[in-house]
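Data first, discussion second: the structure below is written as C-alpha cells.
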Amino acid sequence: MSKMIYLDNAATTRTAPEVVEAMLPYFSELYGNPSSIYDLAGRSKEGITAAREQIAGILGAKKEEIYFTGSGTEADNWALKAAFEAYKNKGNHIITTKIEHHAILHTCEYLAKERGAEITYLDVDENGIIRLEDLEKAIRPETILISVMAANNEIGSIQPIKEIGLIAREHGILFHTDAVQAFCQLPIHVDECNIDMLSSSAHKINGPKGVGFLYIRKGVKIRSFVHGGAQERKRRAGTENVPGIVGYGAAAKRAWDSMEERTAKERELRDYLISRITEEIPYVKLNGHPVKRLPNNVNVSFRFVEGESLLLMLDGCGICASSGSACTSGSLDPSHVLLAIGLPHEIAHGSLRLTLSEEITKEDLDYTVEKLKEIVQNLRNMSPLYEDFMKKQEETNVQ
Amino acid sequence: MYSEKVMDHFQHPRNVGEIENASGVGTVGNAKCGDIMRIFLDIDDETHIIKDCKFKTFGCGAAVATSSMATEMVMGKTIEEAMKVTNKAVMEALDGLPPVKVHCSLLAEEAIHAALWDYAEKHHIVIEGLSKPKSDIHEGEEEEEEDY
C-alpha cells in the first residue's frame, strides 16, 4: 500500500517506539515472576511499581489504588459487577447513561437480567451530554452506583464528571467513570472529581494492547474479580503482564507529559477538519458537542450515504476510519450513541468517525477532505435516496 | 472480509444509473435498516428480453456488489430466465458473502422481482412464480437473543 492515513485512533493507537523500547527488556531479560523472591523477580516487581506510581500520580491517586487488568472492558466489568455484589445489601439500583460503551451497557444488562439489578439509563441532549437534573431525579434510596463515562468513544462528548462526582458524594453513592477515551486526553483528578472507580486502557494512548487498570478508591469495598494468587493486592489474581504494565507506565508518562501541547495541536486540526467538511460538503451534520469534545474526535453524518460503503472507499484511498452504521456493527441497528442523540436511523447509517493523533498533519487532512468530497458525491450519485431527494427539490423549485 | 469479486463489483459497480421511461422499476429495502435498492428494467414487449438494466443502491459494500452482479446476470435474459436469478445465484457469482451480509443479497432478487412485477402490472400480464413484492424485506427479521 502507498500512503496510509490512520484516522481511527479512538479504536486503537500505534504503540510508540519508546514504549516498545521500555517493554523489550521485560520479555527475555527481566522475565522473572514478580511474586518470586530472587533479584530477577524483584526487577519485574520494580517495573510494575514504577508504572503504578506513574499512573497514580497522573490521577492524583495513591499507588495502592491502581489495579492492573487485561483491558478497559475488564475494568468496567469488574467495577460494576463487584460494586453490585458488595453493596447489594444497601440497594440494587445503578444509574448509567444511554451512550456508554458496550462494556458498561452489556454488563448492566447482565446485572439486570441475572442478578436483579435495576438500571436507569439517562438520556443525553442532542450534543451527547447528560443533564444533571435528570441524574438528581433518578437517584433513589436504593441507588448504589452511578457510572458515567468521562468522554464518549464515538462522538467525543465530554461529560461533567466533576459535577456528577459532587452529586454522587452528596448522596453517598459510589461514582465510577469509564475513562478509556479520556485518560491522558483530559486532566482528571480523582479527588477533585470525587471519583471512586475509574477504568482505563493502555492501547488508546500509544501503549500496548492487552492491559488496562481499574482505580479503586481506598475504602471502597470491592471484592476480588479473579480469584487465585496474591497479585494486585489479592483483588485481581494471575501473574502480571509485566511488559504490558511497564509499557502502560511508559505510555502514560509520555501522553501526560505531552498532553497540553499535543491536545492543543489536535484541537486546532480537529476544528479545521470539521469546518472544511461541514462547509465544503452539503447535507452533512456534526455529531457531538462542538466544543466539549475530545481533542482528537470528529464525527459527522452524511445524508443519503451508507457508512460501510464510505469506509471501504476511504480504505481504497489509504484512509482508515470508522462508522456507526449498522453494517459495521453486525446488527441491523446503527450505533446506540447516534440514536441516543436523536439522529434518525437513516442519518445514523451515514456516520463517519475520524480520530486524529499527534502524527496527523494538515496535509493529511486536506487529502482526506478531497477524497471524502469525491467519495460522498459518487455514493450519492448511486443512492436512490439522493435521487428522490433531488427530484423533490426540483419540484419545489419549479413550484 | 469480502471476496475479490465483491470488492471489484463494489469499487467498479456495473450498470449504475437510471433508465428513463423504464418498462419496470422496483424499489426494495428501507433506509431505517440501511439499505435500499432500486432496479430499472427496459424490456422488449415482443420477445420479453431484458434489453437494459440499471440500478441505484443505498447500502453497504455487499448491497452495492449484489446489485451490480444482479444487473449483469439479468441483462439480455428473458423474463422467464431472469426469474431464475436467485439471491443464492448472485451470492455464488460473487464467491460468497460473510454470514452477517447474507441478508443484503436478498435485496437483489427482491428488487428484480419488484421491477418485473411493475412491468407485469403495467402490461396486464402474469409472470409465472412472481408474487407481489413485500414493501419491506426486513419485516419479521429479528436480532438474535444475546447469551450471557
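Counting only residues that are in contact with a helix residue (DSSP H, G or I) (Cβ under 8 Å, 6 or more places away or on another chain), assigned to a strand (DSSP E or B) and away from chain A (no Cβ under 13 Å), segment B:1-48 holds 3 of them.
Within segment A:87-105, the set of residues being within 14 Å of chain B (Cβ to nearest Cβ) and surrounded by fewer than 17 Cβ atoms within 10 Å (Cβ to Cβ) comprises A:H102 only.
Taking each residue of segment B:14-38 that is open to solvent by 20 Å² or more (accessible area, probe 1.4 Å) and looking for partners that are at pLDDT below 95 and in a loop (DSSP other than H, G, I, E, B) with beta-carbon atoms closer than 6 Å, six or more apart or interchain, yields B:N30/B:D136; B:C33/A:L332; B:C33/B:H138. Just to verify a result, which residue in segment A:139-172, among those that are of a type in the set (A, V, I, L, M) and touching a residue at least 60 places away in the same chain (Cβ under 8 Å), is farthest from A:T263 (Cα to Cα)? This residue is A:I144.
Within segment A:111-123, track down each residue that is in contact with a strand residue (DSSP E or B) (Cβ under 9 Å, 6 or more places away or on another chain) and either in a loop (DSSP other than H, G, I, E, B) or among the aliphatic types (A, V, I, L, M) (or both). Of everything in segment A:111-123, those that are in contact with a strand residue (DSSP E or B) (Cβ under 9 Å, 6 or more places away or on another chain) and either in a loop (DSSP other than H, G, I, E, B) or among the aliphatic types (A, V, I, L, M) (or both) turn out to be A:L111, A:A112, A:A117, A:I119, A:L122, A:D123.
So which residues in segment B:49-70 are in a helix (DSSP H, G or I) and either away from every other protein chain (no Cβ under 14 Å) or closer than 22 Å to B:H123 by Cα (or both), if there are any at all? Working first, answer last.
Quick first cut of segment B:49-70, residues in a helix (DSSP H, G or I) only: B:61-70.
B:M69, B:A70, listed by residue number.
Which of the residues spanning segment B:39-80 are buried (at least 18 other Cβ atoms within 10 Å of the Cβ) and of a type in the set (S, T, N, Q)? The answer is B:T57, B:T66, B:S67, B:S68, B:T71. Restricting A:I341, A:I319, A:I347 to residues that are within 26 Å of the chain's Cα centre (by Cα) and crowded, with 24+ Cβ neighbours inside 10 Å narrows the list to A:I341. Would you mind stating whether A:K209 is open to solvent by 40 Å² or more (accessible area, probe 1.4 Å), part of a loop (DSSP other than H, G, I, E, B) and over 30 Å from A:S357 (Cβ atoms)? Judged against the criteria, A:K209 is not a match. Looking only at residues in segment B:122-138 that are under 17 Å from the mean Cα position of the chain (by Cα) and open to solvent by 100 Å² or more (accessible area, probe 1.4 Å), the one that is modelled with the lowest pLDDT is B:K134.
Answer yes or no: is there a residue in segment A:265-283 that is assigned to a loop (DSSP other than H, G, I, E, B) and surrounded by 15 or more Cβ atoms within 10 Å (Cβ to Cβ). Steps first, please.
Taking segment A:265-283 and keeping what is assigned to a loop (DSSP other than H, G, I, E, B), we get A:281-283.
Then keep just the ones that are surrounded by 15 or more Cβ atoms within 10 Å (Cβ to Cβ); that gives A:281, A:283.
Looking through segment A:265-283, at least one residue is assigned to a loop (DSSP other than H, G, I, E, B) and surrounded by 15 or more Cβ atoms within 10 Å (Cβ to Cβ).
What residue, among those in segment A:124-135 that are closer than 18 Å to A:G165 by Cα and part of a loop (DSSP other than H, G, I, E, B), is most open to solvent (accessible area, probe 1.4 Å)? The residue in question is A:R131.
Only residues that are part of a loop (DSSP other than H, G, I, E, B), touching a residue at least 24 places away in the same chain (Cβ under 8 Å) and either away from chain B (no Cβ under 14 Å) or of a type in the set (A, V, I, L, M, F, W, C) (or both): list them for segment A:288-317, please. If the condition is that a residue be part of a loop (DSSP other than H, G, I, E, B), touching a residue at least 24 places away in the same chain (Cβ under 8 Å) and either away from chain B (no Cβ under 14 Å) or of a type in the set (A, V, I, L, M, F, W, C) (or both), then A:G288, A:H289, A:P290, A:K292, A:L294, A:P295, A:N296, A:F304, A:V305, A:C317 are the ones that fit.
The values are calculated or read from the model by the stated rules, or taken from the named source; none is laboratory data. Please read these numbers as outputs of a predicted model, since none were measured by experiment. Don't worry about glycine lacking a Cβ; one is built from the backbone with ideal geometry, like all the others, and counts go over all protein chains shown. For accessibility, only protein heavy atoms count, side chains too; no ligands or nucleic acids. Shrake-Rupley method; radii C 1.70, N 1.55, O 1.52, S 1.80 Å.
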